[in-house]
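Worksheet for the structure shown next.
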Amino acid sequence: MRPPFQPDRDQLDLVTILAALSDPTRLGIVATLADVGEVSCRIFGDGGNKTALSYHYAKLREAGVTWTRIDGTQRFISLRREDLDAKFPGLLDSIVTNARRVKAAEALS
């Protein structure tokens, strides 16, 4: 099995990152990762079917928002906070703050 594509820091592109974060499911994944750190992809199993989740994970990874680590048959994902903060200071914090507000508002309605 070949490793999944993950762009280098110098390949990160703002338009691609923002496009990846424009989906509510992917935004929710990012907000959760900001709170808990690296997790098994299985943690998001209730967020949709396996094929759809794999698609969302790939979009985030290929945009450079997340990092995927493979350990045996498991995949673990985490935010690329250091890379994103170095290239786009404050972007991730702003996005996560907004995602948390949206999540809180949805919980109240």
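On the given criteria, is residue 42 surrounded by 11 or more Cβ atoms within 10 Å (Cβ to Cβ) and at pLDDT 90 or above? Spelling it out, it is not the case that residue 42 is surrounded by 11 or more Cβ atoms within 10 Å (Cβ to Cβ) and at pLDDT 90 or above.
Being touching a strand residue (DSSP E or B) at 6+ places or on another chain (Cβ under 9 Å) and at pLDDT 90 or above is a property that residue 69 has.
Which members of segment 1-42 meet the condition of being among the hydroxyl-bearing types (Ser, Thr, Tyr) and either more than 18 Å from residue 98 (Cα to Cα) or in contact with a Pro (Cβ under 7 Å, 6 or more places away or on another chain) (or both)? Give the steps one after another, and end with the answer.
First, pick out the residues of segment 1-42 that are among the hydroxyl-bearing types (Ser, Thr, Tyr): 16, 22, 25, 32, 40.
Those that are among the hydroxyl-bearing types (Ser, Thr, Tyr) and either more than 18 Å from residue 98 (Cα to Cα) or in contact with a Pro (Cβ under 7 Å, 6 or more places away or on another chain) (or both): 16, 40.
From the list 53, 60, exactly one residue is buried (at least 18 other Cβ atoms within 10 Å of the Cβ), in contact with a Gly (Cβ under 9 Å, 6 or more places away or on another chain) and among the aliphatic types (A, V, I, L, M). Which is it?
Values: 60 fails: in contact with a Gly (Cβ under 9 Å, 6 or more places away or on another chain).
Only one candidate qualifies: 53.
Residues in segment 63-97 that are of a type in the set (D, E, K, R) and either within 17 Å of residue 38 (Cα to Cα) or surrounded by fewer than 15 Cβ atoms within 10 Å (Cβ to Cβ) (or both): 69, 71, 75, 80, 81, 82, 83, 85, 93.
Candidates 9, 2, 26: the one that is surrounded by fewer than 15 Cβ atoms within 10 Å (Cβ to Cβ) and touching a helix residue (DSSP H, G or I) at 6+ places or on another chain (Cβ under 6 Å) is 9.
The values are calculated or read from the model by the stated rules, or taken from the named source; none is laboratory data. The shown structure was predicted, so the numbers you read here are calculated from the model rather than taken from an experiment. Note that we place each Cβ from the backbone using ideal geometry, even for glycine, and neighbour counts take in every protein chain shown.
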